[in-house]
Amino acid sequence: QVPLVESGGGLVQAGDSLRLSCAASGRATRYTMGWFRQAPGKERELIAAISQSGGSTYYADSVKGRFTISRDNGKNTVYLQMTSLKADDTAVYFCAADLSLAKIRLGRSEYWGQGTQVTVSS
């Protein structure tokens with residue numbers, strides 16, 4: 001098992017920044033990691049992903065230029081730096097891990113965190 005634990009969510013105002021963290025067990029250094037979000041009444045959306053080495057990243061158009069995904073394999077932690085937050089960013093944010101980026105992009109990651117709530121007030 002690769003338990004994933006997200007943290008860093010909260011209530012912020014539009015325009016603010018927030019950094020989410022996803023702490024994983026030691027094996028996480030072998031996994032591609034992704035951040036998803038799910039807003040009320042909407043489908044879960046992959047917003048960012050990062051390769052095992054950190055050398056390759058993916059961003060959804062909705063967050064490109066505002067969010068940055070990074071990882072510190074020494075700390076077994078993946079981060080999502082969010083800036084210029086909007087009310088539309090309000091959602092539960094989940095991290096996910098899998099050996100396959102393809103499976104992550106399909107929403108079929110092997111491991112999932114429990115989620116952390118981000119609420120952006122306008």
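The values are calculated or read from the model by the stated rules, or taken from the named source; none is laboratory data. Everything quoted here is computed from the prediction, not taken from an experiment. When we count neighbours, we look across all protein chains shown, and the Cβ atoms used for this are built from the backbone with ideal geometry, even at glycine. Quick note on the areas: whole protein, heavy atoms, side chains included, nothing else; ligands and nucleic acids left out. Shrake-Rupley method; radii C 1.70, N 1.55, O 1.52, S 1.80 Å.
The table below gives the values:
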read-out	value
Percent carbon-and-sulfur accessible area, the chain, ignoring ligands, DNA and RNA, probe 1.4 Å	47
Residue-averaged 222 nm ellipticity for the chain, from DSSP H runs of 4+ at -39500 (n - 2.57), nearest 500	-1000 deg cm²/dmol
Cleavage-rule hits (trypsin sites (Lys or Arg not before Pro)) in region 21-102: DSSP loop, at most 10 neighbouring Cβ within 10 angstrom	Lys42
Per residue accessible area in Å² of the chain, where ligands, DNA and RNA are left out and the probe is 1.4 Å	49
Exposure rank, largest accessible area first [Glu6, Glu45, Glu110; 1.4 Å]	Glu110, Glu45, Glu6
